[in-house]
Each structure stands twice: as structure tokens, then as C-alpha cells.
Amino acid sequence: MALNIFKKLLLVAVSVVAGCQQPDYAIVTGEKGETVYVEVEVPGETVYVNVPEYIEVEVPVEHGSIWIDSFTQPMSVDGIDILWVIDRSGSMNRYNAELLAGIEAMLGALPTADWRLVMINADPDYAVNSTIFPLVPGDDAADAADMLATLSPAYKEEGFNSVYEYITNNPYSSTWLRPDAGLLVVFVSDEEEQSDVEYSTVAEFMTWYQMQRMGSVFMASVVNQDPSVSVCSYPPSLIDVGNRYMDATSLLGGTIVDICDEDWAPGVTDATQSIDPYESLKLTHVPEDPNDIRVFVNTVVNYDWYYSATDNTVYFTVIPSAGDLVEIGYLYIEPADTGDTGQ
């Protein structure tokens, strides 16, 4: 997330003697020289307190931007339910080989037990009525090909609504989906996500999706990327770029694969491995000053981490608990003319 206004986070060491009527400390921001006074009351007996506290002051940024990388810590899961939500419009037939190879790669990367995988149509009218029995450990690429063949051609590209309809309104889904397992959704489409019924915005869909499985939800997308970075021989039209899929996937720190990539396997394998809890997070950008990195867990400042400049990664010395919202903020210099609008 890139911001035009840098919300300066200031660490204050507060020394207080109980009963003092005036604060005996102050801090000064580096950019503007603004003095910020903090008053702390300590009732009871006379004590000496050292209180670390963050104070937020908005000051204009003369250079650089603040970036926030974030994730919600998933639960440690023993099982994983997987939905491949596949666009079955006519233009998608050319990707059948890559699709099946990607699913085969996922089957090979999954643990040897306790996973279930179903392909559903990205058309909610079909997804809500699907009664396909899931693939389970022991099934192979041939079984995956047979499953793909059962998906009817359809013209809608509404991945969000299809997931909602399948999980919420399809009676068959409850016979195999497990409320105590993790949930991984993989969207595959060569067009933009077009849901306009239940979840017409990414935020609305993600609010619902992240409430599933107590937050142990994951996502990947195999879609058209922006023409400036697409690996397609003929870059896609802007209206066919899967921005909504990519925005949703990025919110969960998921994997995005260019649909024109000849080999989806590495990306799909990464998506499979992302079901493990975060023990570290590679930052999106290189911080201007590592000393300015601030880590918050559920909006509270956290110190149980260290930064490695070698791989631009924050490592947690105490692993955040399941359901914790972790936010890592830092100042970085945005490259000129990149078109980077934040994430």
C-alpha cells in the first residue's frame, strides 16, 4: 500500500514519576522539527516507569513513499480443501494442456494425505449445481483430465460469485468441504472477473472469503497480466487483464501466474506451499532505511522480529498466532515512471 502522506511513527521513551503534574519529556520529528509532548498519568505509589509508545503524526513526504506489506496469519492446518475455479468460455480451450500440467504439479506438491480438490466452473449458474466428487490422495493427472472434461462450456466469467454460490448455496459442497481444513481457491481465466450479483467489488468478496475457515484461506490466480508485463505473444487487451483476481490474490499474499506462461507448475507449487503459517515475509520494496521499519500485530507495535538486508526479508522470532493481522510499514524510494499504484 503506497501513501502520499507519510504517517510518521515515532518511538517515544517516556520517563515518568508518579504525581508529576507536567510531562518531563518531549520528542522532535526529524523532517519538520515539530515537538510532540506526551502526558502519562500513573496512579498509586511513587514509581519510575519507562513506557515505549508509538505516536502517529502526519507530515508531508518530500521524497519517497510509505509502503505497507501485510498478511493475516493462517492457522496451522492438517488438511486442505482446494477449489480450481476455471473459466470455460471458448477462448480457454487453448490453455487445457497448461491447466492440466499445473494441476498435476499441484498434486505432486501436496502432502501425501488429507487434501481434496475439485474443479468448478467460473459460471455461478453451473457452480451452484455441481456434484463433482473431489480428487483425493492417490488420484493422478488422468483423473484430473477426466474431471476437467466434465465442466460444461459456459460464457460467464464470474469467479467470485461462483465460489460464493458453490460454498453457500450448493448442497453437495457440504458433503466434502471440511470446516476445520484450510481452503485454497485457484482462479483460472483469460478475462477480467465480472461478478456483479453478490460481490460486485473485490473488497466485498474478500470480506466474506476471509471469514471462512477462521481466516485459514489462501488464493492463487492464473490470469492475463497487464500488457506491459505480459508474456503473451500478443499482449492482452486491457479489458481482459485479470485485475480483480490479482487484487484479491495480492491481499492474501498469494501467487499470481501469467496465463501465457508455458509452465504454470512453479507458480502453482508456490501456491500449494503458501498454506503454511508465515515465519517470515519478503518485502515488496527495499526500505530506504531499515531502522524505519515498523511491525504491527493487530495494530499493536511488535518487536519480535529482525530484518535481513541480504534477502530483504523480515523474520519473526516469535511466530504470529493464527488470525493475527501483521502489517509491516517502511519508507522506500519509488522508481520513476513505473506506474506502481501500490498493493
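The values are calculated or read from the model by the stated rules, or taken from the named source; none is laboratory data. Please read these numbers as outputs of a predicted model, since none were measured by experiment. Every residue, glycine among them, receives a Cβ derived from its backbone with ideal geometry; neighbour counts consider all protein chains shown.
If you check Y199 against the conditions, is it in contact with a helix residue (DSSP H, G or I) (Cβ under 7 Å, 6 or more places away or on another chain), part of a loop (DSSP other than H, G, I, E, B) and of a type outside the set (K, R)? The answer is yes for Y199. The residues of the stretch 289-315 that are among the β-branched types (V, I, T) and under 22 Å from the mean Cα position of the chain (by Cα), listed by number, are I293, V295, V297, T299, V300, V301, T313, V314.
Exactly one residue among N298, N302, N243 is of a type in the set (S, T, N, Q), more than 13 Å from F71 (Cβ to Cβ) and not assigned by TED's automatic domain parsing to the domain that holds D114, and that residue is N302. Listed by position, the helices (runs of 4 or more DSSP H) contained in the stretch 107-190 that have at least 3 residues being in the same structural domain as V241 (by TED's automatic domain parsing) and more than 25 Å from S250 (Cβ to Cβ) are 141-149.
Residues in the stretch 85-111 that are closer than 16 Å to P153 by Cα and in contact with a strand residue (DSSP E or B) (Cβ under 8 Å, 6 or more places away or on another chain): V85, I86, D87, R88, M92, Y95, L99.
Whether a residue is buried (at least 19 other Cβ atoms within 10 Å of the Cβ), free of Cβ contacts under 8 Å to residues at least 40 places away in the same chain, touching a strand residue (DSSP E or B) at 6+ places or on another chain (Cβ under 6 Å) and within 21 Å of G267 (Cα to Cα) was assessed, and L184 does not pass this test. Residues of the stretch 305-324 that are touching an Asp or Glu at 6+ places or on another chain (Cβ under 8 Å), of a type in the set (S, T, Y) and outside any strand (DSSP E or B): T317 alone.
Could you list all residues from the stretch 84-102 that are over 15 Å from S221 (Cβ atoms) and part of a helix (DSSP H, G or I)? Selection gives G90, S91, N93, R94, N96, A97, L100, A101. Identify the residue in the stretch 163-186 that is modelled with pLDDT of 95 or more and under 20 Å from the mean Cα position of the chain (by Cα) and, among all such residues, is nearest to E98 (Cα to Cα). Looking at residues that are modelled with pLDDT of 95 or more and under 20 Å from the mean Cα position of the chain (by Cα), I get V163.
Count of the stretch 193-207 residues, restricted to those that are in contact with an Asp or Glu (Cβ under 6 Å, 6 or more places away or on another chain) and charged (D, E, K, R), is 0. Quick check on Q225: is it touching a residue at least 40 places away in the same chain (Cβ under 8 Å) and under 19 Å from the mean Cα position of the chain (by Cα)? No: the conditions fail for Q225.
Annotation note: of Y315, Y307, the sole residue that is more than 29 Å from I80 (Cβ to Cβ) and modelled with pLDDT of 90 or more is Y307. Do the conditions hold for D190, that is, is it touching a residue at least 40 places away in the same chain (Cβ under 8 Å) and under 19 Å from W264 (Cβ atoms)? When the stated conditions are applied, D190 passes them.
Mind telling me which of the residues Y209, Y155, Y166 ends up being touching a helix residue (DSSP H, G or I) at 6+ places or on another chain (Cβ under 9 Å), more than 20 Å from I256 (Cα to Cα) and crowded, with 21+ Cβ neighbours inside 10 Å? Being touching a helix residue (DSSP H, G or I) at 6+ places or on another chain (Cβ under 9 Å), more than 20 Å from I256 (Cα to Cα) and crowded, with 21+ Cβ neighbours inside 10 Å holds for just one of Y209, Y155, Y166, which is Y166.
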